[in-house]
Amino acid sequence: MYDPIELTKKTEDIVVKGDLKKYYRFRATGFYGGIATADTVGCNLRCKFCWSGNSVWNSRNTGEFYRPEDIADNLKRIAIKKGFHQMRISGGEPTIGKTHLIKILNNIQPNFLFILETNGILLGKQKSYVKELSKFKNLHVRVCFKGNNSNEFSFLTGAKNGFEYQKKAIENLKNENVRFNIALVTLNKNSQIFINELDNLNLDHTNIEMEEIILYPKVRKRLEKEKIINYFE
């Protein structure tokens, strides 16, 4: 098992160079009703259901380095061409490389909504990170929890810890008045277990959605090997 914080540092050494970071494609997608997407390289988790493949497991040999301004420009170009009003970074963990991400957000015009899809590990580890994000009023954070509790988190990710960081991320976002919602991947479809786990955070009417796992061939093969494919079919 691994420590996500230690893996963050190792990954950052590969995918971040100053304020540059690795990406492997730019695209328009139909998620959220239409969104301009930049797919980044590198993650601090190794989820069994991950669809990203090379960007996570082979980050050294995947993608090219881009300036933050290049990412913002590419997202704007796609959004204008398609008539989208939303942008995001996907494919890997966008919070790896804080300076890079903050500079991207500084270059996103306020009329575009930027959806930050994250596992929340670094936002739970570093309260100051969330404070920096709170100045962007066109930001919405989508935190994807990997399991109902710490045991399921470790089973699904192979990490020895991290669930508490995810919970702390929600607390930090709430305290800094950053808009967010929660996505959940779990083998137990009873979300009440998860809600009970987070009960002390007083989430009120926070939206909790069940994350849909697309069974790409490599994802299916990995889940079949783990003998948990039936939970996702």
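Annotations for the structure displayed:
- Candidates Glu6, Glu12, filtered to the one that is farther than 21 Å from Arg67 by Cα and modelled with pLDDT of 95 or more: Glu6
- Qualifying helices (runs of 4 or more DSSP H) (wholly inside the range 1-91; at least 2 residues being over 22 Å from Asn111 (Cα atoms) and among the charged types (D, E, K, R)): 4-15
- The range 22-47: number of residues that are under 20 Å from Cys144 (Cα atoms) and either polar (S, T, N, Q) or touching a strand residue (DSSP E or B) at 6+ places or on another chain (Cβ under 9 Å) (or both): 17
- Hits in the range 141-195 - residues which are free of Cβ contacts under 8 Å to residues at least 24 places away in the same chain and crowded, with 20+ Cβ neighbours inside 10 Å: Phe153, Phe163
- Looking at Phe145, Phe180, Phe155, just one residue is over 26 Å from Tyr231 (Cα atoms) and hydrophobic (A, V, I, L, M, F, W, C), and that residue is Phe180.
- Conditions (1) surrounded by fewer than 23 Cβ atoms within 10 Å (Cβ to Cβ); (2) without any contact (Cβ under 8 Å) to a residue 40 or more places away in the chain; number of the one not met by Phe84: (2)
- Checked across the range 88-106, the condition of being in contact with a helix residue (DSSP H, G or I) (Cβ under 7 Å, 6 or more places away or on another chain), surrounded by fewer than 21 Cβ atoms within 10 Å (Cβ to Cβ), among the β-branched types (Val, Ile, Thr) and touching a residue at least 24 places away in the same chain (Cβ under 8 Å) holds for at least one residue.
The values are calculated or read from the model by the stated rules, or taken from the named source; none is laboratory data. Quantities reported herein were computed from a predicted structural model and do not represent experimental measurements. Reconstructed Cβ throughout: ideal geometry from the backbone, glycine too, with neighbour counts over all protein chains shown.
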